[in-house]
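The next block holds one structure in the form of structure tokens; read it before the comments.
The values are calculated or read from the model by the stated rules, or taken from the named source; none is laboratory data. These numbers come from a predicted model, not from an experiment. Note: ideal-geometry Cβ built from the backbone for every residue, glycine included; neighbour counts use all protein chains shown.
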Amino acid sequence: MPYRTPKWVQEKKDAKRAQILEVALHLFAEKGFPNTSIQDICEAAKVSVGSIYFYFANKESIYEAVYQMINEEYENQMVNALKGLSDIRDIIRKIIEVTVRHSLPDVSKSKFFIMNRSLSDLKSKRDTSLKASVPFVQDLLDKALINGEIAPINTKMAAVSFIYGTYQVLRYWNMYENAISGDEMIEFLYNYHVPGLGLVK
């Protein structure tokens, strides 16, 4: 019979891995990936170099795991937030709300993307993620159009404008302009996108 790791042992391993990722997230956010060493992560996480290599092959794999952790958290928050919503206006507002809350300038997750925005790998992941979001929003708009909830529009271009427009505004907000609050940003983005999404008939 194959050996199975006891549940409590696995939970301890998972907790240690999660701790390392949280520490790495903060370091990558504050110092950037190139300026963060394995030793920095070990010292901040209070683990030995040998221990960290038990969980990750190298610094690049830690970076990859941090990115995946952020992305999965965002996707889970979005799925949970949209449960039970049917009105297109409520759905669009909730998408904006979750995205803004996940992008607050003082949050390490936002700083992670800002500090490492020049990395070609991160650019590629970002572009892939944005592109994948367009069909999701377009499908929402197509259904709303069929149901007569929105004015006639080119749903694909409206979805592109919504996804990429929101990204660019939040990117600028994070990098240069922190004067407005998260609630104000949510209201701005919602009101800005209302005409382009055909929400005013």
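Tabulated results
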{"read-out": "Near pairs, Cβ below 6 angstrom, 6+ apart or cross-chain, from region 56-72 (among the small types (Gly, Ala, Ser)) to any residue that is surrounded by 13 or more Cβ atoms within 10 Å (Cβ to Cβ) and part of a helix (DSSP H, G or I)", "value": "65/21"}
{"read-out": "Residues of region 148-171 that turn out to be more than 15 Å from residue 192 (Cα to Cα), over 16 Å from the mean Cα position of the chain (by Cα) and either free of Cβ contacts under 8 Å to residues at least 40 places away in the same chain or outside any loop (DSSP other than H, G, I, E, B) (or both), as a count", "value": "5"}
{"read-out": "Top-ranked residue of region 16-46 - restricted to ones that are of a type in the set (Lys, Arg), farther than 18 Å from residue 115 by Cα and in a helix (DSSP H, G or I), ranked as nearest to the chain's Cα centre (by Cα)", "value": "17"}
{"read-out": "Single match in 19, 77 (criterion: touching a residue at least 24 places away in the same chain (Cβ under 8 Å), surrounded by fewer than 17 Cβ atoms within 10 Å (Cβ to Cβ) and touching a His at 6+ places or on another chain (Cβ under 9 Å))", "value": "77"}
{"read-out": "Options 99, 5: the member that is of a type in the set (Ser, Thr, Tyr) and assigned to a helix (DSSP H, G or I)", "value": "99"}
{"read-out": "Single match in 108, 120, 129 (criterion: polar (S, T, N, Q) and either within 22 Å of residue 198 (Cβ to Cβ) or more than 12 Å from the chain's Cα centre (by Cα) (or both))", "value": "120"}
{"read-out": "Failed criterion for residue 31 (all others in (1) assigned by TED's automatic domain parsing to the domain that holds residue 158; (2) modelled with pLDDT under 95; (3) among the basic types (Lys, Arg) hold)", "value": "(1)"}
{"read-out": "Scope region 53-64; condition surrounded by fewer than 18 Cβ atoms within 10 Å (Cβ to Cβ) and within 17 Å of residue 33 (Cα to Cα); matching residues", "value": "57, 58, 60, 61, 64"}
{"read-out": "Some residue of region 47-60 being modelled with pLDDT under 95 and under 16 Å from residue 112 (Cβ atoms)", "value": "yes"}
{"read-out": "Filtered residue count, region 35-52, keeping only those that are of a type in the set (A, V, I, L, M, F, W, C) and either loosely packed, with under 15 Cβ neighbours inside 10 Å or not assigned by TED's automatic domain parsing to the domain that holds residue 23 (or both)", "value": "1"}
{"read-out": "Any hit, region 51-60, residues being of a type in the set (Phe, Trp, Tyr) and in contact with a Phe, Trp or Tyr (Cβ under 6 Å, 6 or more places away or on another chain)", "value": "no"}
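To keep it simple, each residue is scored yes or no on (1) polar (S, T, N, Q); (2) at pLDDT below 95; (3) under 29 Å from residue 24 (Cβ atoms); (4) touching a helix residue (DSSP H, G or I) at 6+ places or on another chain (Cβ under 7 Å).
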site: 118; (1), (2), (3), (4): yes, yes, yes, no
site: 142; (1), (2), (3), (4): no, no, no, yes
site: 162; (1), (2), (3), (4): no, no, no, yes
site: 172; (1), (2), (3), (4): no, yes, yes, no
site: 176; (1), (2), (3), (4): no, yes, yes, no
site: 195; (1), (2), (3), (4): no, yes, no, no
